[in-house]
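S.K.: Questions regarding the structure given below will be posed in turn.
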Amino acid sequence: RNQITGSIPPELGNLTMLNDLYLYTNQITGPIPLELGNLLNLRILDLFDNQISGSIPDSLGNITNLEYLGLYQNQITGSMPKTLGRLQSIQDLQIFDNKLSGTLPQEFGDLISLVRLGLSRNSLSGPLPANICSGDRFQYLDVSFNMFNGPIPSSLKTCTSLVRIDIQSNKLTGDISQHFGVYPQLTKMRLASNRLSGHISPNIGACTQLTVLNLAQNMITGSIPPILSKLSNLIELRLDSNHLSGEIPAEICTLANLYRLNLSSNQLSGAIPTQIEKLNKLGYLDISRNRLSGLIPEELGACMKLQSLKINNNNFNGSLPGAIGNIAGLQIMLDVSNNKLSGVLPQQLGRLQILEFLNLSHNQFSGSIPSSFASMVSLSTLDVSYNDLEGLVPTARLLQNASASWFLPNKGLCGNLSGLRPCYATTVAAHKKGKILGLLLPIVLVMGFIIVAAIVVTIILTRKKRNPQETVTAEARDLFSVWNFNGRLAFDDIVRATEDFDDKYIIGTGGYGKVYKAQLQDGQLVAVKKLHQTEEELDDERRFRSEMEILTQIRQRSIVRMYGFCSHPVYKFLVYDYIKQGSLHRILENQELAKELDWNKRIALATDVAQAISYLHHECSPPIIHRDITSNNILLDTSFKGFVSDFGTARILKPDSSNSSALAGTYGYIAPEKCDVYSFGVVVLELVMGKHPRDLLDGSLSNGEQSMMVKDILDQRPTTPISTEENSLALLIKLALSCLESSPQARPTMREAYQTLIQPSSSSTTVPFSALTLQQGMHV
């Protein structure tokens, strides 16, 4: 763990009394010297995580005392030497993540002391040695992501000591009911993406320690055996993309720890078991592309931890149960498309306020789209095409640029979206309403000072001490103002500056309202966020007032300053500093501005945002969670300095309050706990990639994603980073991935995240940027 460069000196082979040699996590290049084979007393040879090239020297087979050989995460080529079969004392042999080719010598079956063998992510081919489990201590086998073919090694059937087996993504063949036995200690079995056939053996029920069973993408036939219910520790069950038939056994619903269940792309029939409500830890359910039928059970709404639900491409009929709207944590997807569902869409779906993707297409839904859909503030895709719907399309927060193809053909949908006909009746009604408000406004303004006690107008600000000459009239005027800043600003100044909130002053639109640019009488520019009158956050005026008191006291240089707010029966708005460039999201979508946002600016921006969130969490009393940290809510000024904005979903973390557990925010940026930390990780990856890292956010990186090179995911628009920037980018990516850990407990605090950026440890940048993979980012 230093920054040693150059090659390994052959002279190290003279140290014949050496027991342990550790050179891992450096920047060593060149080949492994064959002279190392002279170190006959060597027990440990650890060279992993370098840029070592060339082949593995045959001479390493001379070190018969060797117990551990770590050559993984290098650039080693060539074939596997037969001489390694002489290493009778070897217990742990790890050569994964290299460029090895050729076959695995049958001599590997002679390694009787072997406990762990890791050869994944190479280009090895041919059959696996039949007696690969020749000793009684063999526990870990990982040969995934190679090109091995031929049958499953016969010795695996009786290898009862196995703890983990991963042979996925090869071309192995055989009947899984014949080639695998009973493994009392087995915790993870990944056999996916091979050419395995046969039925799922009842023996699997005896592997009671299993937490992961992945048999996806094979040619397995038969039914799903009810005996899987014996696997009480199972967290992940993947049987997708096989030829399974029959019904989903109700017994599976007793797997109380199940988090991920994928049975998609099979030939399953029958109904969804009503017992599914027992799966109260289920986060991902995919039963799409089968032949399932019947009604969608109301009990599905009891699976409150679901984040993604796919039941598309089946034969379900009847109505869509409103109970699905109870799944408040549904963030990623709800897809019921390509079924035979009918009836009206339930209003309760509008409760899914953090759902991003909703596909209701290719069904027989009738009536109108519920108005409650407008409150689905995170919805970026709403596909209702090929139904019998009519009426107004509610405009949710992120659907401003929705594709018309999501709504056509239907019976008669209309709305303010490109490609849809306008709803004339609605437009006329809105125009009349606007004229009435226009007539009422002067009356409200004139009468305001007379009946101010009857108007709920709240000003939150840090008040200066008043001069003695200030009168009761001044107190009344204070209620009808917005803040004390460079003199009193009257309510009507904002109305005047925006010409009664005319659309031409709009600079942004969101699910909570519209943002206007206003130049006040003293010349100051401010941003005015006018909230919808039906704003749910304002139902409890006392709570709203309490939170605004705290938010207006925030004084941190990377948080947009909020001067105050106004709330009365006609208007509710908040007033902020005006930040000229707009949102980070907008800048990343603009080719020229994205180029100008170079790597130094992006690295500084990430540090500023980390400091701001750390301030909210650790320096405010009580602490504040933002709950909607996104690239849309980070504003940049003309020098690309960043400011965290939009506290519309923020919560004060009071020990005696339940409001901190409420769900809100934008999917892809939140998690049930430590949501701001998770969101920060997403924003950092978005900064690095130049786009939302949506494909990397399903809770765990796939093996293919883990092996991706970091340099290949970089935004190509800024100039190529120099070496100092590469070090900072490597640190940023590692930090981001730690913030995205599936377990909230495994994520750092924002204080720790900020400290990592301003005081990087000496080991933070040791992995060469050109060789850094996402997997290294996850584990370093």
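S.K.: Among what's in segment 372-397 and is closer than 30 Å to ASN632 by Cα and out of contact with any strand residue (DSSP E or B) (no Cβ under 8 Å at 6 or more places or on another chain), pick the residue that is surrounded by the most Cβ atoms within 10 Å (Cβ to Cβ).
M.R.: Top of the filtered list is SER378.
S.K.: Name the residue that is farthest from GLY350 (Cα to Cα), counting only residues in segment 310-338 that are touching a strand residue (DSSP E or B) at 6+ places or on another chain (Cβ under 6 Å) and surrounded by fewer than 18 Cβ atoms within 10 Å (Cβ to Cβ).
M.R.: Among them, the one singled out is ASN315.
S.K.: Are any of the residues in segment 150-158 under 17 Å from GLN217 (Cβ atoms), at pLDDT below 95 and in contact with a Ser or Thr (Cβ under 9 Å, 6 or more places away or on another chain)? Outline the logic, then answer.
M.R.: Taking segment 150-158 and keeping what is under 17 Å from GLN217 (Cβ atoms), we get 152.
From what is left, the residues that are at pLDDT below 95 are 152.
So of that shortlist, the ones also in contact with a Ser or Thr (Cβ under 9 Å, 6 or more places away or on another chain) come out as 152.
Yes, because at least one residue in segment 150-158 is under 17 Å from GLN217 (Cβ atoms), at pLDDT below 95 and in contact with a Ser or Thr (Cβ under 9 Å, 6 or more places away or on another chain).
S.K.: Still on this model: Mind listing just one residue for me: the one in segment 173-198 that is assigned to a loop (DSSP other than H, G, I, E, B) and either at positive phi or among the small types (Gly, Ala, Ser) (or both) and, of those, modelled with the lowest pLDDT?
M.R.: Within segment 173-198, the subset assigned to a loop (DSSP other than H, G, I, E, B) is 180-187, 191-194, 198.
After this cut, where a residue has to be either at positive phi or among the small types (Gly, Ala, Ser) (or both) as well, the list is 181, 192-193, 198.
Details: GLY181: 89, ALA192: 94, SER193: 92, GLY198: 95.
Across segment 173-198, the extreme among qualifying residues is GLY181.
S.K.: For segment 265-310, how many residues are of a type in the set (Gly, Ala, Ser) and touching a Cys at 6+ places or on another chain (Cβ under 7 Å)? I'd like the intermediate steps shown before the answer.
M.R.: Here is the first cut: in segment 265-310, the residues of a type in the set (Gly, Ala, Ser) are 265, 269-271, 283, 288, 293-294, 301-302, 308.
Still in the list and also touching a Cys at 6+ places or on another chain (Cβ under 7 Å): none.
Selection size over segment 265-310: 0.
S.K.: Could I ask something else about it? When you go through (1) more than 30 Å from the chain's Cα centre (by Cα); (2) surrounded by 22 or more Cβ atoms within 10 Å (Cβ to Cβ) one by one for ASP240, which number turns out not to apply?
M.R.: (1)
S.K.: Kindly indicate the residue of segment 728-748 that is part of a loop (DSSP other than H, G, I, E, B) and more than 12 Å from SER679 (Cα to Cα) and also farthest from the chain's Cα centre (by Cα) among those meeting that condition.
M.R.: PRO748
S.K.: Looking only at segment 273-287, filter to residues that are free of Cβ contacts under 8 Å to residues at least 40 places away in the same chain and touching a Leu at 6+ places or on another chain (Cβ under 8 Å); which one of those is farthest from LEU213 (Cα to Cα)? Write out each step before concluding.
M.R.: Step one: of segment 273-287, the residues free of Cβ contacts under 8 Å to residues at least 40 places away in the same chain are 273-282, 285, 287.
From what's left, touching a Leu at 6+ places or on another chain (Cβ under 8 Å): 276-277, 279, 281-282, 285, 287.
Details: ILE276: 19, GLU277: 22, LEU279: 17, LYS281: 17, LEU282: 15, LEU285: 15, ILE287: 16 Å.
Among them, the one singled out is GLU277.
S.K.: Please verify whether segment 583-597 includes one or more residues that are basic (Lys, Arg) and part of a helix (DSSP H, G or I).
M.R.: Applying the first criterion (basic (Lys, Arg)) to segment 583-597 yields 586, 595.
Pick out the ones that are also part of a helix (DSSP H, G or I) and you get 586, 595.
Checking segment 583-597: at least one residue is basic (Lys, Arg) and part of a helix (DSSP H, G or I).
S.K.: Hey, another quick one. Residues in segment 268-276: is at least one buried (at least 23 other Cβ atoms within 10 Å of the Cβ) and either assigned to a helix (DSSP H, G or I) or at pLDDT below 95 (or both)?
M.R.: No, segment 268-276 has no match at all.
S.K.: Now a separate question. Check PHE573, PHE544 and return the single one that is at pLDDT below 85 and in a helix (DSSP H, G or I). Show your work before the answer.
M.R.: Working: PHE573 fails: in a helix (DSSP H, G or I).
That would be PHE544, the only listed residue that is at pLDDT below 85 and in a helix (DSSP H, G or I).
S.K.: Confirm whether SER134 is on the phi < 0 side of the Ramachandran plot, surrounded by fewer than 20 Cβ atoms within 10 Å (Cβ to Cβ), at pLDDT 95 or above and part of a loop (DSSP other than H, G, I, E, B).
M.R.: Numbers: on the phi < 0 side of the Ramachandran plot: yes; surrounded by fewer than 20 Cβ atoms within 10 Å (Cβ to Cβ): yes; at pLDDT 95 or above: no; part of a loop (DSSP other than H, G, I, E, B): yes.
Criteria not met by SER134.
S.K.: Suppose we keep only residues that are touching a strand residue (DSSP E or B) at 6+ places or on another chain (Cβ under 6 Å) and crowded, with 22+ Cβ neighbours inside 10 Å within segment 149-171. Which one would you say is farthest from ASN203 (Cα to Cα)?
M.R.: Out of the qualifying residues, it is ASN170.
S.K.: List the pairs whose first member sits in segment 737-761 and is farther than 13 Å from ILE613 by Cα, whose second member is acidic (Asp, Glu), and whose Cβ atoms are under 7 Å apart, counting only residues at least 6 apart or on separate chains?
M.R.: Sorted first by the residue in segment 737-761, then by its partner, the pairs are PRO744/GLU673; ARG747/GLU741.
The values are calculated or read from the model by the stated rules, or taken from the named source; none is laboratory data. Here the structure is a predicted model, which means the values were calculated and not measured. A quick note on method: Cβ atoms are made from the backbone with ideal geometry, for glycine too, and the neighbour counts reach across all protein chains shown.
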